[in-house]
Amino acid sequence: MRIIHFSDIHIGVENYGRIDPATGLSTRMGDFLAAFDELVDYALDNQVDLIIFAGDAFKSREPNQTQQREFAKRIARLAGEEIKVFLLVGNHDLPHALARATAIEIYDTLAIRNVTVADKPGTSRIDTRSGPIQIVALPWPRRSLLLAREGTKNLTYDQMNDEIQRILTQRLLKEAEALDPALPAILTAHVTVAQATLGSERSMMVGSDHILLLGNVALPAFDYVALGHIHKTQVMSQDPPVVYSGSLQRVDFSEEKDEKGFYVIQLDPTQEPGRRAIDYRFQPVNARPFVTIDVTIRPEDLDPTATILQHIQRHPVADAIVRVRIQVPAELEAMVLDSEIRKALAQAHFIASIAKEVDRRRPTRLEGHSVEALTPMDALKAYIDSVSGDRGWSPQQVKELLTRGEQLIRETTTPSD
């Protein structure tokens, strides 16, 4: 049985984008949809039996019609090819008001063939082409429902989180105990697990997290645990596999170094419970690159802009979202030409920023010395002594600077024939 696990598509993210004249949509929306298309194509080309989406289909809790249409197109492609699709509700899929529908509830309301929506904790049996499987769902909880009971009204916020964690843990244990050990079983949860490495979701958080202990999700009844909510792909445990698939696209520069993609799981139903995931591996997608270019301009630099352009040439900026961060002495700030930097970044998809951190400290003074009384070599030695500590120059570097400086002084002061 072959399964795909993915999460956190966040359709509707449009930062660092521009309008695509061919579609009228943000190019960043195009990025997220293109990554989703890679997943759909892989599923269709590789005879995948089941797709598990671990939550957060959209950036907004109330996506517009275009965003909903584009998500539905891809779900329809999968379901139309007899691939079972399991959709878990994440925190970004929940409505602002209790009586409103979730962002993905329509698939359940219309009873779309081959699509199952999980908006509350529970266990579903899914009959795939390769046999049945049990999926325990732990969606993002509706805090107001969980805490709508006597004894919780006067709790502090931290106490409320503790109570939610207790309720979810108890429910999870109950579902695990009721599983049929003869059938494969997967837990899918949209939750923060203790010790997970966070990504940009901190800047996109809707509400605050409750946190479950790893030992409370890595139960032996499960053959695989498919997690969503954290944007950084990571394997939290091997036995059973507890995996965050991560998001399909980079949201901001905090994810610059992160790989993006989804997990492909191979289950063998003939194996013992908890041992059926005989293979699970990360399948990367072609995510939009983010590139940071850091440049430090030295006080002796005669052409700071040229130095910056040289640094840009060393980075793959074509089709990337780029930011340039420049540290420059105050006396050289005017020599940094933004127009030339932007020309050098013409092939970038988007220039996020060209930021200058200006050092406005006063120039170093040769204290205790009368400049008029110093020879050129004495002045050089005094200057190097005054700045070598701040700049971290080693004794060997200081010696080399003095040797070269002495050579230059001799060349410029020796009369020519």
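Once the range 233-258 is narrowed to residues that are of a type in the set (V, I, T) and buried (at least 23 other Cβ atoms within 10 Å of the Cβ), the residue that is nearest to I52 (Cα to Cα) is V243. Return yes or no: is P289 out of contact with any Gly (no Cβ under 7 Å at 6 or more places or on another chain), over 25 Å from V48 (Cβ atoms) and modelled with pLDDT of 95 or more? It is true that P289 is out of contact with any Gly (no Cβ under 7 Å at 6 or more places or on another chain), over 25 Å from V48 (Cβ atoms) and modelled with pLDDT of 95 or more. Candidates are the residues of the range 245-285 that are part of a loop (DSSP other than H, G, I, E, B) and hydrophobic (A, V, I, L, M, F, W, C); the one that is modelled with the lowest pLDDT is V251. Do we have A196 as at pLDDT 95 or above and either surrounded by 12 or more Cβ atoms within 10 Å (Cβ to Cβ) or not assigned by TED's automatic domain parsing to the domain that holds Q134 (or both) here? Considered against the rule, which asks whether it is at pLDDT 95 or above and either surrounded by 12 or more Cβ atoms within 10 Å (Cβ to Cβ) or not assigned by TED's automatic domain parsing to the domain that holds Q134 (or both), A196 comes out as no. Contact annotation: residue pairs with Cβ atoms under 9 Å, 6 or more positions apart or on different chains, pairing a residue in the range 211-224 that is surrounded by fewer than 19 Cβ atoms within 10 Å (Cβ to Cβ) with a partner that is of a type in the set (V, I, T) and assigned to a helix (DSSP H, G or I), are L213/T169; N216/T169. Against the conditions (1) among the acidic types (D, E); (2) more than 30 Å from Q134 (Cβ to Cβ); (3) modelled with pLDDT of 95 or more, where does D223 fall short? Just the number, please. Condition not satisfied by D223: (2).
The sole residue among Q271, Q266 that is assigned by TED's automatic domain parsing to the domain that holds L33 and either among the small types (G, A, S) or touching a Lys or Arg at 6+ places or on another chain (Cβ under 8 Å) (or both) is Q266.
Examine the range 112-131 for a residue that is assigned by TED's automatic domain parsing to the domain that holds P184, surrounded by 15 or more Cβ atoms within 10 Å (Cβ to Cβ) and either charged (D, E, K, R) or at pLDDT below 80 (or both), and state whether such a residue exists. For the range 112-131, residues assigned by TED's automatic domain parsing to the domain that holds P184, surrounded by 15 or more Cβ atoms within 10 Å (Cβ to Cβ) and either charged (D, E, K, R) or at pLDDT below 80 (or both): present.
Looking only at residues in the range 35-46 that are in contact (Cβ under 8 Å) with a residue 60 or more places away in the chain and farther than 16 Å from R69 by Cβ, the one that is surrounded by the fewest Cβ atoms within 10 Å (Cβ to Cβ) is N46. Residue count for the range 300-325 under the criterion of being in contact (Cβ under 8 Å) with a residue 40 or more places away in the chain and part of a helix (DSSP H, G or I): the result is 0. Scanning the range 326-337 for residues that are surrounded by 14 or more Cβ atoms within 10 Å (Cβ to Cβ) and part of a helix (DSSP H, G or I) yields L332, E333, M335.
The values are calculated or read from the model by the stated rules, or taken from the named source; none is laboratory data. What you are looking at is a predicted structure, and each value in this text was computed from that prediction instead of being measured. Don't worry about glycine lacking a Cβ; one is built from the backbone with ideal geometry, like all the others, and counts go over all protein chains shown.
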